[in-house]
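To start, the structure itself, in C-alpha cells.
The values are calculated or read from the model by the stated rules, or taken from the named source; none is laboratory data. Here the structure is a predicted model, which means the values were calculated and not measured. Cβ placement follows ideal geometry from the backbone for every residue including glycine, while neighbour counts extend to all protein chains displayed.
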Amino acid sequence: MLNIPLHTVDATPRPVLAIGTDYLPGTLLPAHTHRRAQFLYGMSGLMDVLTDDGAWVVPPYNGVWIPPGKRHQVRMRGVSTRSLYIEPDAVPRAGGHCEALLVSALLHELLLASAEVPALYDVQGRDGLLIGLTLAELGRARPLPLHAPIPREPRLAQLCQAFLADPDIRVAPQAWAHHLNWSLRTFTRRFRTLTGLSFVQWRQQACLMAAVTRLAAGEAVTRVALDLGYESPSAFSSMYRRMMGEVPSALRHTTV
C-alpha cells in the first residue's frame, strides 16, 4: 500500500500492515502514538526521531523501531519510507524503547516488496509468507549507536539537550560534575544509572548523531570532524568506521 493513511486500515484483522509514504523535505510529524508498533524505514534522506526517552537520528537505508503506544515525533528530511505497523502481540523485538536499526540487504528487499501487499492479505499465501519472513529479519536486525538518552533529572537533562545542540567530543565529565555540584564519582554513577550509558559512551553517540546529520547534508568529512572537536579527520573516521561499520564518505554517497 502506498501513501495510505494508517487510520483507514488500522482495524484490518492482520498482524502487520505495510505502507509506503513519500514526504516532502522538512515535513514534521508532530508528537503522536500508534496502537500498533511501527518499524519506520527510510530509503532516502534523514529522519530525526524524538521521544520522552531521548533522540535518535536515522540515516538512509536504516530504520527506527517504535514500540506500541510510544509517543514520538519525526522530522523528515527528504524521506521516502516503508513502514510496518505491527499488532502488539506480534512484535518481533523485546523491550519498550525505540531503536535505530541496521537494515540488511534482505530486509531492504522484503520491505520494498511488502509495500505491494494489500491490507487484507492472504495469511496462508505468498503475502503471508513474505510478511512472516520480514518480521523474522526485523527481529534479527542489529541496533545502531544513534541514540542519545535524555535523563529524567532536570538539570542533567538540560546539559544533555545543550550538548545535542552544540556537541563537542572534548567536553569532560569533570566539567558537568562541577556544574551540578556533584563529585566526579557521583556524577559517573548517576549518569550511567539515568541513561544506561557511561558519559563517554553518551558523548560519543551524541557526536555521532550530529556527524550523521551533517554528512547526510553533504558536508565534508574534515569539516565535520574538526567542528566536533576530533584531533584529526583520521581519528574521527576511525571512530565512525568502528561504530557504523563503514567510512563516513559512504553516507555522503547515499544521499547525493
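Restricting the search to the range 120-136, which residues are touching a residue at least 40 places away in the same chain (Cβ under 8 Å) and surrounded by fewer than 17 Cβ atoms within 10 Å (Cβ to Cβ)? The answer is L120, V123, A136.
Condition check ((1) of a type in the set (A, V, I, L, M, F, W, C); (2) at pLDDT below 90) across all residues:
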| residue | (1), (2) |
| --- | --- |
| A90 | yes, no |
| G96 | no, yes |
| L107 | yes, no |
| L111 | yes, no |
| A119 | yes, no |
| D122 | no, no |
| L135 | yes, no |
| P154 | no, no |
| C160 | yes, no |
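Considering only residues that are loosely packed, with under 13 Cβ neighbours inside 10 Å and under 22 Å from G54 (Cβ atoms), which ones fall in the range 89-108? If the condition is that a residue be loosely packed, with under 13 Cβ neighbours inside 10 Å and under 22 Å from G54 (Cβ atoms), then A94, G95, G96 are the ones that fit.
Somewhere in the range 174-181, is a residue touching a strand residue (DSSP E or B) at 6+ places or on another chain (Cβ under 7 Å) and of a type in the set (A, V, I, L, M, F, W, C)?
The answer is no; no qualifying residue exists.
If the condition is being part of a loop (DSSP other than H, G, I, E, B) and within 14 Å of V212 (Cβ to Cβ), then the range 37-78 contributes G45, P59, P60, Y61. Applying the criterion of at least 3 residues that are under 14 Å from the mean Cα position of the chain (by Cα) to the strands (runs of 3 or more DSSP E) found wholly in the range 79-150 leaves 99-102, 147-149. Scanning the range 3-25 for residues that are under 14 Å from L84 (Cα atoms) and either surrounded by 11 or more Cβ atoms within 10 Å (Cβ to Cβ) or acidic (D, E) (or both) yields a count of 13. The set of residues in the range 176-216 that are touching a residue at least 12 places away in the same chain (Cβ under 8 Å) and either part of a loop (DSSP other than H, G, I, E, B) or in the same structural domain as M47 (by TED's automatic domain parsing) (or both) comprises G196, L197.
When the criteria are applied in full, R75 meets the requirement of being outside the structural domain of E153 (by TED's automatic domain parsing), modelled with pLDDT of 90 or more and under 19 Å from L164 (Cα atoms).
Checked against (1) touching a residue at least 60 places away in the same chain (Cβ under 8 Å); (2) within 16 Å of A206 (Cα to Cα), T21 meets all criteria but (2). Counting only residues that are polar (S, T, N, Q) and surrounded by 13 or more Cβ atoms within 10 Å (Cβ to Cβ), the range 232-248 holds 2 of them. Collect the residues in the range 167-220 that are at pLDDT below 95, closer than 16 Å to A148 by Cα and surrounded by fewer than 16 Cβ atoms within 10 Å (Cβ to Cβ), keeping them in residue-number order. The one that is at pLDDT below 95, closer than 16 Å to A148 by Cα and surrounded by fewer than 16 Cβ atoms within 10 Å (Cβ to Cβ): G196.
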